[in-house]
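See structure below.
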Amino acid sequence: MLCLAGCRTSKQTARETAAQSTCLSAKVKLTVPSKQSVLTVNGTLKLRRGERAQLSFLMPILRTEVARVEVTPDDILLVDRMGRRYVRATRDELKTILPRKADFAHLEKLICDAARPGGKTVVTAEELGLTDIERGKIELSDFSTRPFDLEPTRLSDRYQQVSWHELLHLLMSL
């Protein structure tokens, strides 16, 4: 009886720790339709609650970063590592482009809910309010609450800032 009580306490404590943790990381699998097929890219997610989320997408086999999306409560940074281009825009600048659901608080809630036992780990583009991207989805797995450093992304002078429309058009034409 004592062993069973001990097991229950540790499980309860682990769930409470996950719910209270300020750091959350996971593996990510992004699936988006392209011109002739469906493109799937793996990556990582790091979230510091209330502060910043970083999605890093990696090239298969070589595991080098090809793109990064960084979202804070106030702005979004989208980096194309291959083309050395980036877009930095405030939430107000993107109000007319992004759906209402596409804000930091909603993203944070989706990620935290997915990390819970039995949580929904597949989020479709439609659920994010991105109705133009049919069959698009993000799959989250291998969650961890281990602490980590999450510094803002810094870009060298080699990166060129472009408009949101230009970078979005280039990425969608892949």
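Observations on the structure shown:
- Whether the stretch 19-82 is rounded, prolate or oblate, judged on the alpha carbon gyration tensor where a/c under 1.5 counts as rounded: prolate
- Of the listed residues 116, 48, the order by accessible area with a 1.4 Å probe, largest first, is 116, 48.
- Computed on protein heavy atoms with a 1.4 Å probe, the accessible areas place 154, 49 in the order 154, 49, largest first.
- Gyration tensor verdict on the stretch 46-139 (Cα atoms; rounded if a/c is under 1.5, prolate if a/b is larger than b/c, oblate otherwise): rounded
- Top positive-direction residue, dipole computed over the stretch 47-150 with Cβ charges, set 58, 76, 119: 58
- Here the label points at residue 153 and residue 120, each 7 Å from Cα along the C-beta direction, are separated by 2.7 nm in the simple model.
- Accessible area (Å², 1.4 Å probe, nearest 10) - residue 64: 60 Å²
- Against the criterion of solvent-accessible heavy-atom surface with a 1.4 angstrom probe, 74, 157 sort, most first, into 157, 74.
- Environment charge of residue 22, counting only residues whose C-beta is closer than 10 Å and scoring Lys/Arg +1, Asp/Glu -1: +1
- Loop-located trypsin sites (Lys or Arg not before Pro) in the stretch 53-106 whose Cβ has at most 15 other Cβ within 10 Å (DSSP): 63, 84, 95, 100, 101
The values are calculated or read from the model by the stated rules, or taken from the named source; none is laboratory data. Keep in mind the model is a prediction, meaning the values are calculated, not measured. When we count neighbours, we look across all protein chains shown, and the Cβ atoms used for this are built from the backbone with ideal geometry, even at glycine. Note: accessible area is taken over every heavy atom of the protein model, side chains too, but ligands, DNA and RNA are not part of it. Shrake-Rupley method; radii C 1.70, N 1.55, O 1.52, S 1.80 Å.
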